[in-house]
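Everything on this sheet refers to the single structure shown next.
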Amino acid sequence: MNNEPRQNPYEVLGVEKDADARAIKKAYFERVRQNPPETHPEEFRRLREAYELLSDPEARQAFDASTAAQADGPEAAGNAHLQEAINLFEAGDKDGGRNVLTTLLTEQPDFHDARLLLGRHFLFEGELKQALAEFDALLERAPDHWQGHLQRGWVLVRQEQLKEAADAFWRAGKHGPSEVGPRVALADCLEAMGQVADAIEVLTKAQELPGVSRMDVLALKVRRIATMLEYGQDANVAEELEKLDAELPEGADPELRRWTGGQLSSAAAHLFAQQKSKAANRLLEFGRRFNPESATEVAYPTRVTLDVDALPAVTRDWLHSEAERIGGWRVVTTWVMPAIFTLALATATCFLMAFISFGTSERGVLGWVGCAVLAAVAFGVTWAQARQLLRVMASPYGRFNTIHPLHLIEVAIDRITVWPLVHLQDLQLVNHQNNGVYQHTALEMRFNGKRMTLTVRGKDKAEAVANELIARRRRVLELLGRGMLDAESGVEHLPPALLARADKAGHVRAGTPRSPWPGVFAAAGVGVVLVGGAIWPQQRVAAEHAWTRVAARGDLGSLLEYLREQPDPRFAPEIQARVDAELGRSRALLDARLDPGSPAGPSRAFFAGLLEAVSRTHSRRVSVTWAAPEGVRTLPQDDPSELLVRAWQRTVDEALGQGVLVVDGGRGSLHEGPPLLTLRVREESRPGAGSGSAQRVWSVAQEGLGADAAVPPLELVADAADPRAAEVLFHAWVDRWHLPGAGDRRPLLLTASTLGQEAQP
């Protein structure tokens, strides 16, 4: 503690001894403006000490009592000893002060001011039994000493004997009929006992005390309104506030109006301490009418986000100094991670465009639309991330957290988030570990119901931050309650009045915000344009790749598919020449196998026509379909469709060689193209010449070949009772069309009997 003798607080502030509270406060702020703490720290300290003493009614009364007597009065020696004890207490010499008072009371047992001072000293030091003993001794000698009853009540409150304390406060009011302090203390005690209605009634009646000053009446009204808000009895609060406003119109004494605003701020500080943020802000907002010049007696939002450009120069300078002190730019994640993300997105976008522009896959309309969508998304996201990186690189602050005298502040690039400490309602430290190894500590906080988590590395550092937050909140509420928050050092760096400019979303903007979407859409449009420009070169690359792939494979099916699906003019003639060469070998084989003198010689024109159709249509597919008689349900084992397909495949392979034509049952693979020839077989049943006999009739028709290769339709007949009727009909077909195999009766149906015949030597 300071060992210097205490100066007269009235002289320090330059006020008279009978100055009221508003005059004292006015003088204090005038001298603080003349002696700010940044340039006059010692003078500011003396001003604050003087104001704190004179703004506390009991401390002021004790000081006045110690200096009341004149040096030549009969109690001069006792008052001198009383002042000596006060000086010793302030210098930190507790034992010395006690000894002076004890000696004084031994000599003058009825010196009540000395006993009152000794009892208050014990109360302040937490020695409740000694304090209670001193006040009891005082009341034993002076039963009507109202201050003794008042102080005794405070001791009983500390001992949690509320009923006895209420009785002591009542007695203090009885013996001090014009004193407001005992009534307020009684109201506090009744509130603690849950008797809120009685407490409000006590405050109401206290306004009617004889000789009560107007300032005390106003203070009691404010206290009554605050009590109603604290305990949820706010049905009539609006009416009471309007009455208070009507009592102090704008034309009233301005100092009295400012003093009343300070009383409302003091009540709001109490509500903030009770975690009644909404009610506290209501009082502060109303009190703004009485003290609009105050920078701190304003409603505090729970959280506000501010653009850095919206901050005054002094605030930006302070943030810059904090960034230098804390090292915002030295945090790796501030700019390294955004740079890595931007580089990764740019690289991925480049690879995507390379794939789109130089990929060898063939794409249709839907494929290109999908590529355009992907490119638009990639370019838009990359541009947004690059914009974020530019914001980071242009920021003079980076990312860091700091504690302002009134707020917890999160600085993020070009914005700051402010959490006023008056709303801090809960704070917990949670240590996070990974496999038993400490990682970091999370400070989980609640500001007026909103959650906020602050990550701190290091247990000791986290505890220090938590303790600082709690201490700062306690100091903010204490100064707000005393009306001294405007003089707090550092308040001007982020004045609460600036936070009051926030919009409904809790944002203070530097101007009309620039939307990022036009840039995103422009970047997406660039991506789409680049994809459009890549269509023609990619198609050429895909065509070259397809040509290379087909040329490497070299089979007839791949060559025909290429000519049918994507006949690039650069490569189609060469592919067509290779197809014709393959078909030429088939024609040579046809000539070798079907010489004019063979039974199948007449079918040479038919197969030559097929080869010509393959060269012209680029399809090598032949379909053979069989249809059952109308109204007849054929069992699967009686359906010759698959047998006909296999028989025809064997026939064309014998005539043209394997792999030239592909025969199917009308449901062939799509990559083989449309059928160049379709043979439709429709079966009917007819009665035979004999009684009870029946005939199976196949009607064969051809579709797809031109007139040069046309063959007449057939109608083939076989005995329906013959189990080999299908073979008979097929071989009749072979004979009639002079196909390869005419005269060769190889079995079509692999029955048990035919398998036995095939096995004979």
Helix-only [θ] at 222 nm, the chain, -39500 (n - 2.57) per DSSP H run of 4+, per residue, nearest 500, equals -18500 deg cm²/dmol
Helix 517-553 sits off the longest principal axis of the Cα atoms of the chain, rounded to the nearest 10 on a 0 to 90 degree scale, by 30 degrees
Where a ≥ b ≥ c are root eigenvalues of the Cα gyration tensor, a/c under 1.5 meaning rounded, otherwise prolate if a/b exceeds b/c and oblate otherwise, the stretch 566-695 counts as oblate
With 0.36 nm assigned to each residue of separation and the Cα-Cα distance removed, T360 to A238 gains 36.3 nm
Expressed in square angstrom to the nearest 10, the accessible area of D198 with a 1.4 Å probe stands at 80 Å²
Averaged per residue, the 1.4 Å probe accessible area of the stretch 103-246, protein heavy atoms only, in Å², is roughly 48 Å²
Honestly the stretch 569-626 on the Cα gyration tensor test (a ≥ b ≥ c root eigenvalues; a/c under 1.5 rounded, otherwise a/b vs b/c for prolate or oblate) is just oblate
Counting only residues 5 or more apart in sequence or on a different chain, those whose built amide H sits under 5 Å from that of W626 are V681
Cα-Cα longer than 27 Å, checked against K25/K94; K129/K174; K94/K461; K17/K163, kept in input order, equals K25/K94; K94/K461; K17/K163
Expected unfolding gain across R501-K163 under the 0.36 nm per residue rule, minus the alpha-carbon gap, is 116.9 nm
Once all protein chains are kept in place, D568 shows an accessible area at probe 1.4 Å, nearest 10 Å², of 30 Å²
Filtered hits (lysines, Cα-Cα < 24 Å from K276, offset >= 8 within chain) -> K221, K243, K450, K504
With a 1.4 angstrom probe the carbon and sulfur portion of accessible area for the chain, in percent, totals 54 percent
Rounded to the nearest 10, the angle in degrees between the Cα long axis of helix 112-124 and the longest principal axis of the Cα atoms of the chain comes to 20 degrees
Karplus-derived 3J(HN,Hα) from phi for the stretch 573-582 (6.51 cos²θ - 1.76 cosθ + 1.60, θ = phi - 60°), whole Hz, x at Gly and Pro, runs x, 5, 5, 4, 5, 5, 5, 5, 5, 4
For K278, counting only aspartates and glutamates whose alpha-carbon sits under 19 Å away and dropping same-chain residues fewer than eight positions off, the answer is E230, D234, E239, E240, E242, E297, D426, E478, D503
Rounded to whole Å², per residue accessible area for the stretch 578-699 with a 1.4 Å probe reads 50 Å²
Measuring from the longest principal axis of the C-alpha atoms of the chain, the long axis of helix 57-66 (C-alpha) lies at a number of degrees, nearest 10, equal to 30 degrees
Taking a ≥ b ≥ c as the square roots of the eigenvalues of the Cα gyration tensor, with a/c under 1.5 meaning rounded and otherwise prolate when a/b exceeds b/c and oblate if not, the stretch 407-537 is oblate
In this structure, the FRET efficiency calculated for S693 and R650 from their beta-carbon separation, with R0 = 30 Å, to the nearest 0.05, is 0.40
In whole Hz, the Karplus estimates of ³J(HN,Hα) for the stretch 719-736 (6.51, -1.76, 1.60; θ = phi - 60°; x where Gly or Pro) are 5, 5, 7, 6, x, 9, 4, 4, 5, 4, 5, 5, 5, 5, 4, 4, 5, 5
Reduced to Cα centres, the span from the stretch 98-144 to the stretch 392-440 in Å works out to 50 Å
Sequence order, the stretch 645-657: Karplus ³J(HN,Hα) from phi using 6.51 cos²θ - 1.76 cosθ + 1.60, θ = phi - 60°, Hz rounded, Gly and Pro as x, gives 4, 5, 5, 5, 4, 5, 5, 6, 5, 5, 7, 10, x
Expected unfolding gain across A310-E255 under the 0.36 nm per residue rule, minus the alpha-carbon gap, is 16.5 nm
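The values are calculated or read from the model by the stated rules, or taken from the named source; none is laboratory data. Here the structure is a predicted model, which means the values were calculated and not measured. Note: ideal-geometry Cβ built from the backbone for every residue, glycine included; neighbour counts use all protein chains shown. The protein model used for the area step is the full one, side chains on, heavy atoms only, and it has no ligands, DNA or RNA in it. Shrake-Rupley method; radii C 1.70, N 1.55, O 1.52, S 1.80 Å.
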